[in-house]
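Working notes, structure below.
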Amino acid sequence: MQSGQEAAEIEAVADWLTQQALIGAAMEEIFEGTCERLCAAGLPLWRAHVALPVLHPLFRGAGATWYRGRGAALEHYVSPHIGPEVSDQFQRSPHYAMIRDGVRQLRRRLAGADVTLDYTLLEDLQAAGGTDYSAFLIAYSADMVDGIAGSWATDAAGGFSDRQLQALQHIEQHLALAFKSTIKEVIARNVMTAYLGPDAGARVLSGEIRRGSGEVIEAAIWYCDLRDSTHLAETLTTADFLALLNRYFECTAGAVLAAGGNVLSFIGDAVLAIFPLQGTDACARALAAAADAAGRTRDLNAERADAGLAPLAYGLGLHAGRVMYGNIGVPDRLEFTVIGSAINEVARLEDLTKTLHRPVLASGNFVSHHGRLGWIPLGEHQLRGVGAPVEVFAPPPAGS
């Protein structure tokens, strides 16, 4: 039985977890704070771990491991906890067996007469000084696809008492509720970032979801389009064409993101991106992204040449102008993007790369913001659908 004071201290940790869920605290902050408060309440924690699945394009799960005196460290996992892609390391863990067998609580003594070391992790914990280990699973769904997995370990002589294990199991439920609240916000942020980009995603999450809401901004505008995409789509399998597109986007959109630009749309095999003109270096970053994209494409084409494949090519237009950055569409299906005459102009500028046989062209507006030194003038050209002729330039030679 717990004393009244001990019970009150554990309940205070549970109340604190509720508060953290309400304010949307970060996962590692919640977990570290829980462990530190449990120690302060008299529980002899030495190590603790928690993991849960997340919806993210780069990894399948997130976790945190806490050690007394060292705090909590956040981790990300590429492989899932169930299914054919489970890592060999996880298959040798207590939690894998618990998920497989439908076991929600597991305890293993690491010292004394009842030692059981049936998993590699337990051998490692014993070697590091652990004396007792308690693992748990708490499901958010009946099939345990969604939920949290966690464990507690101590290095205290004699391990955990029954009273201490009861206190930990009480906290596990509150921890699961706090994480369920927090992970929904994390998933929403991950999805918005993956599909809209970090800036547009943050704007939508902050409440900019009304049709017509947005602002007029000045921006450097990037628009590139893959050459011969129709032929490629007709001659490749669907899987191979999608794989090729993704490699091409890694070269182009990847370069934009690396330079701090905002990728707004993948329009078929075209990339529309902006660099807001909030500072003096927006056009310089856009041009640097163009050079980076060219380098990445050269590397990709070297791989393709080794495989006996034809090189990829694309045209790129660089422009600067005023755009409306916000929501367009119908009330129940919106897109957060940019609109305005400058978007039509940059698309027509990219189309001109085919006529002038130049992979990259920039408008006079872009060059004026960047600085005219080194740019190669190509004269004025009438762009389809654009009223006045546009001054067109090719980028300065590399190294100039």
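The values are calculated or read from the model by the stated rules, or taken from the named source; none is laboratory data. Keep in mind the model is a prediction, meaning the values are calculated, not measured. Glycine gets a Cβ as well: all are built from the backbone with ideal geometry, and neighbour counts include every protein chain shown.
One line per residue, one yes/no per condition, for (1) over 25 Å from E29 (Cβ atoms); (2) at pLDDT 85 or above:
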| position | (1), (2) |
| --- | --- |
| T65 | no, yes |
| A73 | no, yes |
| V78 | no, no |
| A97 | yes, yes |
| D101 | yes, yes |
| E123 | yes, yes |
| D146 | no, no |
| A149 | no, yes |
Discussion item. Within the range 311-322, does at least one residue satisfy the condition of being touching a strand residue (DSSP E or B) at 6+ places or on another chain (Cβ under 8 Å) and either of a type in the set (V, I, T) or free of Cβ contacts under 8 Å to residues at least 60 places away in the same chain (or both)?
Written reply: no
Worksheet item: Looking at the range 237-244, is at least one residue surrounded by fewer than 15 Cβ atoms within 10 Å (Cβ to Cβ) and either touching a residue at least 12 places away in the same chain (Cβ under 8 Å) or part of a strand (DSSP E or B) (or both)?
Response: no
Practice prompt. Return the residue satisfying two criteria in turn: it lies in the range 337-352 and is of a type in the set (A, V, I, L, M, F, W, C) and free of Cβ contacts under 8 Å to residues at least 60 places away in the same chain, and of such residues it is surrounded by the most Cβ atoms within 10 Å (Cβ to Cβ).
Written response: L352
Worksheet, complete the sentence: Subset of the range 116-147, residues surrounded by 13 or more Cβ atoms within 10 Å (Cβ to Cβ), outside any loop (DSSP other than H, G, I, E, B) and of a type in the set (A, V, I, L, M), comes to L121, L122, L125, A135, L137, I138, A139
Practice prompt. Restricting attention to the range 46-63, report how many residues are at pLDDT 70 or above and aliphatic (A, V, I, L, M).
Written response: 5
Worksheet item: In the range 235-288, what residues are closer than 27 Å to V367 by Cβ and of a type in the set (S, T, N, Q)?
Response: T252, N262, S265, Q278, T280
Response to the item:
Flagged pairs (Cβ under 7 angstrom, 6 or more apart or on separate chains; first in the range 13-42, surrounded by fewer than 18 Cβ atoms within 10 Å (Cβ to Cβ) and modelled with pLDDT of 95 or more; second of a type in the set (A, V, I, L, M, F, W, C) and in a loop (DSSP other than H, G, I, E, B)) are C39/L45
Worksheet item: Can you tell which of R296, R322, R285 is of a type in the set (K, R), at pLDDT below 95 and assigned to a helix (DSSP H, G or I)?
Response: R285
Worksheet item: Condition test on V263, is it within 19 Å of V323 (Cβ to Cβ), free of Cβ contacts under 8 Å to residues at least 40 places away in the same chain and touching a helix residue (DSSP H, G or I) at 6+ places or on another chain (Cβ under 7 Å)?
Response: no
Worksheet entry | One residue from D162, D101 being farther than 22 Å from L52 by Cα and charged (D, E, K, R) | D162
Discussion item. If a residue must be buried (at least 23 other Cβ atoms within 10 Å of the Cβ) and farther than 14 Å from A219 by Cα, how many such residues does the range 356-370 contain?
Written reply: 1
Item to complete: Scan the range 368-385 and give yes if some residue there is touching a Lys or Arg at 6+ places or on another chain (Cβ under 9 Å) and touching a residue at least 40 places away in the same chain (Cβ under 8 Å), otherwise no.
Response: yes
Item to complete: Residue by residue through the range 148-175, note down the ones that are in contact with a Phe, Trp or Tyr (Cβ under 8 Å, 6 or more places away or on another chain) and either assigned to a helix (DSSP H, G or I) or among the basic types (K, R) (or both).
Response: L168, Q169, E172, L175
Fill in: Lone unmet requirement of (1) in a helix (DSSP H, G or I); (2) under 23 Å from L352 (Cα atoms) for W222
(1)
